[in-house]
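**Q** My structure is below; once you've seen it, I'll send some questions.
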Amino acid sequence: MSNTQSQAYPVWSNRLTYILATTGAAVGLGNIWKFPYIAGENGGGAFVLMYLLCILLLGIPIMIAEVMLGRKGRANPIHAVLAQARAAGLSKGWSFIGIMGVAAGIMILMFYSVVAGWSLEYVVQSASSSYMDKTPADVAAGFGELAKDGSRQLIWHSVFLMATAAIVGLGVTRGIGNAVNILMPVLFLLLLSLLVYSYQNGNFSEALNFMFSADFSKLTGDSVLVAMGHAFFTLSLGMGTVMVYGSYMPENQSIPGAVVTVAFLDTLIALIAGMTIFPLVFASGLEPGSGPGLLFETLPIAFSKMWGGAFFGAGFFLLISIAALSSSISLIEPGISWLEKLGIKRMAATIGLTVLCWIGGAASIYSAEVFDTLDHLTSNIMLPLGGLLIAIFVGWRLGYTRVRKEVSGGSNMLFNLWFIVLRFVAPIGVMLVFYESIKNILASYGII
Ligand code: TRP
């Protein structure tokens, strides 16, 4: 810590900002768009239970390890891992974790921003009542039209990326920190108002039953794997997001305490999002398992028939847009932090990476294949691989004493429990997800 660069390294203005920023990274399209529809597709309750188990056994232990790497290294994912590897006398090759992470963040943002753009479009469509008096078939067809309208998607994709760049370009405390301090409370308030709206206008008991009554006969091997993969995605694990946010964490903040808080909030918000969406879906006699279109096809149908539908519909899609924005900044930050360390000005780094994401996003707008490849490659391969390598690096290579020093506080027994889970349970779990995804990919190309 002797050179001026490390003295100038940013730190969140307080503990709460760290929690809000990391919760903002975690809560996103994964919670509000993906979780309800995959819970719907995989039969509800039993799947929800599996997902909770995965958060507890894989997500939290690996997240503690990843945050620890960041705070100990006080640098972007590539340099943080490199420094740890050096200090422990290990190969420089471990920095691959960081390199893959920076790349994965950019790749995720390339399709994430397109989906976020759809939700911006639906804020406007809702607020202008444009789907209000249409038949259900016409409302659903509206999404199909948007999907074919490249230039319209391109406009929203650009708007969303510019908002992301504006925040990130301002820096860690002035940009990201200030943004999450405003965005997250708005997000909580919006979500709670929508929950009340849904409670009053929807079929709450059927939704409760769907989400929480566990029918294990519906649980297939595949849905267990979907639950595991989603635990990674929703906590923003395996690619350096929580590492870089951890690198800005105040020294006196407890890592396990913060991680458990964030994981709890993330899960709570996913469950509340489900309890907001499904009552509306059931009240309108629609299908809970309708897939990725649940949010953009099914929900507008529900809103189109409801009291205050235009207003609350706009509120709902605004909620999704805000959740997406507080996540998108976390996808690009690892790359920016790395470029800064290489001596590039933050503004220039932001513009460069944003242009890259814009091009990739344009490609995924015009080609469904690019969109799907980016989604699958990152969620099914890069994130689990990153998580696996983090678990092995911290659990097996860094050494007990070094790790114990950084994850300080708490009893030795709790620490040991975590360390054992990190060493054994997490890698085996991840290897299972990983094995299955590789098999699926090979099968989809007809190779096996
Ligand atoms: N967790 C976010 C969501 O649920 C998405 C996200 C942000 C993410 N940063 C990430 C996913 C890093 C994986 C890795 O929408």
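**Q** So what's the angle, to the nearest 10 degrees on a 0 to 90 scale, between helix 178-201 and the longest Cα principal axis of the chain?
**A** Roughly 40 degrees, rounded to the nearest 10.
**Q** Please compute the net charge surrounding residue 51, taking Lys and Arg as +1 and Asp and Glu as -1 over other residues with Cβ under 12 Å from its Cβ. Write out the running numbers ahead of the final one.
**A** Details: positive: 34; negative: 266.
Residues close to residue 51 contribute a combined charge of 0.
**Q** Another one. Give me the percent relative contact order of the chain, please, defined on Cα pairs under 8 angstrom at least 6 residues apart. Numbers along the way, then the final one.
**A** On the way: 705 pairs, mean separation 158.0, N = 448.
Normalised by residue count, the contact order of the chain is 35 percent.
**Q** Per residue, how large is the accessible surface of the chain? Use a 1.4 angstrom probe and give square angstrom.
**A** Details: 17430 Å² over 448 residues.
Here the residues of the chain average 39 Å² of exposed surface.
**Q** Something else now. Working from Cα positions, state the angle (0 to 90°, nearest 10) between the long axis of helix 15-26 and the longest principal axis of the chain.
**A** For helix 15-26, the angle is close to 60 degrees.
**Q** Given the Cα atoms of segment 15-444, and with Rh set as the inverse mean 1/r over their pairs in the Kirkwood sense, what is Rg to Rh to two decimals?
**A** Details: Rg = 20.8 Å, Rh = 21.7 Å.
Rounded to two decimals, Rg/Rh equals 0.96.
**Q** Sort 10-19, 209-218 for me by packing, meaning the mean count of neighbouring Cβ atoms within 10 Å per residue, highest on top. Each step should come with its number before you reach the end.
**A** Working: 10-19: 17.9, 209-218: 14.2.
Most protected by this proxy first, the peptides run 10-19, 209-218.
**Q** Let me ask something else. What percentage of the solvent-accessible surface of the chain, computed with a 1.4 Å probe over protein heavy atoms, is contributed by carbon and sulfur atoms?
**A** Working: 11670 of 17430 Å².
The value for the chain is 67 percent carbon and sulfur by accessible area.
**Q** Protein chains only, probe 1.4 Å: how do 413, 107 rank by accessible area, largest first?
**A** Numbers: 413 155, 107 40 Å².
These residues rank, largest area first, as 413, 107.
The values are calculated or read from the model by the stated rules, or taken from the named source; none is laboratory data. Keep in mind it's a predicted model, so treat the numbers as computed, not measured. Glycine also receives a Cβ, built like all others from the backbone with ideal geometry; neighbour counts cover every protein chain displayed. Please note that ligands, DNA and RNA were not included when accessible areas were found on the heavy atoms of the full protein model with its side chains. Shrake-Rupley method; radii C 1.70, N 1.55, O 1.52, S 1.80 Å.
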